[in-house]
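Colleague: After the structure tokens below, expect a handful of questions from me.
The values are calculated or read from the model by the stated rules, or taken from the named source; none is laboratory data. None of these values were measured; they are calculated from a predicted model. In this analysis, Cβ positions are derived from the backbone assuming ideal geometry, glycine residues included, and neighbour counts consider all displayed protein chains.
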């Protein structure tokens, strides 16, 4: 099955995701990751890290980067459809859905180096204390 190019995604879906990009910043992303990583677990944190490291890659088009920024902005956004504090994994269900949707569009850009960075940072976030 062929992966969808961003050009193939309906305008409404792209617009809805990209509008959350105004909430994105590196510092806010890391602040939220440090705060929720252990509670949320790898199921939530891994796709966020994959998108973050894809954003840093020079191999990803500007169009895809805008899409990634929108997804990460949604993750940072303090008001979710399902608040993160309600239930550990269920509270992140909407975040997982958004990250998965974005990753389907850009996953062909994930290199072994990005996977290695993700696993290293995931291990750090889940197994160390952050003050």
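Colleague: Given the criteria over 25 Å from residue 116 (Cβ atoms), assigned to a helix (DSSP H, G or I) and modelled with pLDDT of 50 or more, does residue 71 qualify? It would help to see each step written out before you state the result.
Modeller: Working: over 25 Å from residue 116 (Cβ atoms): no; assigned to a helix (DSSP H, G or I): yes; modelled with pLDDT of 50 or more: yes.
In short, no.
Colleague: Looking at the stretch 43-62, which of the residues that are surrounded by fewer than 15 Cβ atoms within 10 Å (Cβ to Cβ) and assigned to a helix (DSSP H, G or I) is modelled with the highest pLDDT?
Modeller: My answer is 56.
Colleague: While we're here: Filter the stretch 1-18 for residues that are in a helix (DSSP H, G or I) and out of contact with any helix residue (DSSP H, G or I) (no Cβ under 7 Å at 6 or more places or on another chain); which is modelled with the highest pLDDT?
Modeller: Out of the qualifying residues, it is 16.
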